[in-house]
Amino acid sequence: MPFFDEAGELVGTIGISRDITFQKQTELKLREAIQTLEETKLQMIEVEKFNTIGRMAAGIAHEVKNPLAVVSLGLEFLEDKLKADAKLSDLVVDMKTAIEKANTIIFDLMDYSASREDSMVALDMNTQIKRILKLMQHNFEKGGIIVCHEFSEEALWVEKNLETLGDLSYTEVEKQFAYQIQEATGKAKIGLDGTIKPLRETLENPGGGSTDVGDVSFIVPVARLGVTVAPKETPWHSWAVVACGGMSIGHKGMIYATKALGMSLVDLFTNSKLRAAMTAEFKTRKGDYVYEPLMPSGPPPRIFALS
């Protein structure tokens, strides 16, 4: 409000204010909390919908599975009785194939509806895509959609060999040795890791080491494989790695690498499509680049010592 002196002149104003920052902050937090509750409510509704669909899928699968089993047994009986009639035998085979497809769909539904903890496992991506396409086949046909696919079996050939070999496992003695190595080198006692990791795409600026693999990779296709021969975080080029290489931890890694390389070489020698795909990818990646080694051609220059 205005404040006047005795002469009636305005000399100032008088007012009362109150800090409402905390109130506004509280109102903002309340609005955010209400929005979070609404989003959580919608998520819970969606989760319950999926749970309901899962229970329905499980019930339908179980109801259809039993009569299919009866039909399958009947077809096995007819197949034995109708061996003399080629046409009827072929018809029985077609019916059995149809039942197998139906069983596959049923097992997929049961697998989808089963409750389990989340876990990370290595899977063949081609197989998973084929399963999904098979489940969606009816929708494709209904919509007049023709699905054309060509799976590259060559892309994961090394990785498939590793999956065939399986993870490296270690004895209790080896685990304790690994802990002692990590303790002695000032590293966390996190042990050994012999699990298979997916192959990674080539980085734009990959790391290197004291080898000529970088030079060789400009001449022929190269795939690098790393195998566990020491505990995690062990300093390389140290006595700790030498100690592991002199006992079973290192031996297991070397034998494992030998098996993986041998299996992959057999694939290369016996699979012409694989060799052609590797050559084509190598030429595409290399492009017009012409490799010139840093070392001059020919024998190294002779160095004469001055007397």
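Only Lys, Arg, Asp and Glu carry charge here, each on its Cβ (+1 for the first two, -1 for the last two); on that basis the stretch 162-307 has a dipole of about 160 debye about its Cα centre. Taking 0.36 nm per residue of separation and subtracting the Cα-Cα distance, full extension of the segment from HIS138 to ASN51 would add 29.0 nm. Need one word for the stretch 161-307: rounded, prolate or oblate. Basis is the Cα gyration tensor (sqrt eigenvalues a ≥ b ≥ c); a/c below 1.5 gives rounded, then a/b vs b/c decides. Here the stretch 161-307 falls in the oblate category.
ASP94 sits among other residues whose Cβ lies under 15 Å from its own Cβ, and their net charge, with Lys and Arg +1 and Asp and Glu -1, is -2. With Cα atoms defining each centre, the stretch 1-41 and the stretch 228-269 are spaced 70 Å apart in the structure. By the count of other C-beta atoms within 10 Å, a proxy for reagent exposure, ARG200, ARG18 are ordered fewest to most as ARG18, ARG200. Counted by Cβ distance under 13 Å from LEU265, the other residues give a net charge of +1, where Lys and Arg count +1 and Asp and Glu count -1. As a rough footprinting exposure proxy, the listed residues HIS251, HIS138 were ranked by other beta carbons within 10 Å of their own, and the order from fewest upward is HIS138, HIS251. Between GLN25 and ALA184, the C-beta separation translates, for a Förster distance of 51 Å, into a calculated FRET efficiency of about 0.45. Taking all C-alpha pairs of the stretch 220-286, those more than 15 Å from each other amount to 64 percent. Going from the fewest other Cβ atoms within 10 Å to the most, the residues ARG275, ARG224, ARG302 appear in the order ARG302, ARG224, ARG275. Taking label positions 7 Å along the Cα-Cβ direction at both LEU91 and LEU261, the computed distance is 6.0 nm, reported to one decimal. Model label sites at LEU73 and ILE196, defined 7 Å from Cα along the beta-carbon direction, differ in position by 3.8 nm. Summarising the label geometry, the points placed 7 Å from Cα in the beta-carbon direction at VAL290 and GLN35 lie 6.1 nm from one another.
FYI, it's all coordinate maths here, none of it is from the lab. Bear in mind that the values here come from a model prediction, so they are computed numbers and not experimental data. Backbone-built Cβ (ideal geometry, glycine too); neighbour counts: all protein chains shown.
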